[in-house]
Amino acid sequence: MKFCQYCNQQVQPRKHINWFILVLMCLITGGGWLFVYVPYYFLFKSESCPICGGKF
Ligand SMILES: [Zn+2]
């Protein structure tokens, strides 16, 4: 749990996945894109508030 400064409450952070881009790039690269996206997702993608979408 993290404290959201916009909602003034404790929230469970969530990472948003852009499914459209994910599926599109998988079709274009034949799945090779996943080897780039998965590490990127876990290492660099920032978590955000599920209520207001604010970044932590
Ligand atoms: Zn919030």
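Test Ile21 against the stated conditions and say whether it is exposed (fewer than 13 other Cβ atoms within 10 Å of the Cβ) and in a loop (DSSP other than H, G, I, E, B).
For Ile21, the condition - exposed (fewer than 13 other Cβ atoms within 10 Å of the Cβ) and in a loop (DSSP other than H, G, I, E, B) - is not met.
Those residues that are touching a residue at least 12 places away in the same chain (Cβ under 8 Å) and of a type in the set (A, V, I, L, M, F, W, C), I need them from segment 2-33; list them, please.
Within segment 2-33, Cys4, Cys7, Val11, Ile17, Leu22, Met25 meet the criteria.
In segment 24-52, what residues are exposed (fewer than 13 other Cβ atoms within 10 Å of the Cβ) and aliphatic (A, V, I, L, M)?
Within segment 24-52, Leu24, Leu27, Ile28, Val36, Val38, Leu43 qualify.
Just to be sure I understand the filter: pairs with C-beta atoms under 8 Å, separated by 6 or more residues or on different chains, first member in segment 36-56 and acidic (Asp, Glu), second member outside any helix (DSSP H, G or I) and near the ligand (Cβ under 10 Å from one of its atoms). Which pairs pass?
Glu47/Lys2; Glu47/Pro13; Glu47/Lys55; Glu47/Phe56
Quick check on segment 12-56: of everything there that is aliphatic (A, V, I, L, M) and closer than 25 Å to Lys2 by Cα, which residue is modelled with the highest pLDDT?
Filtering first and then ranking leaves Ile51.
Among the residues of segment 11-56, count how many are of a type outside the set (Asp, Glu), in contact with a strand residue (DSSP E or B) (Cβ under 7 Å, 6 or more places away or on another chain) and more than 10 Å from the ligand (Cβ to nearest atom).
Within segment 11-56, residues that are of a type outside the set (Asp, Glu), in contact with a strand residue (DSSP E or B) (Cβ under 7 Å, 6 or more places away or on another chain) and more than 10 Å from the ligand (Cβ to nearest atom) number 3.
The values are calculated or read from the model by the stated rules, or taken from the named source; none is laboratory data. Just so it is clear, the structure is predicted and the values come from calculations on it, not from any experiment. Methodologically, a virtual Cβ is constructed for each residue, glycine included, from the backbone with ideal geometry; neighbour enumeration extends over all protein chains shown.
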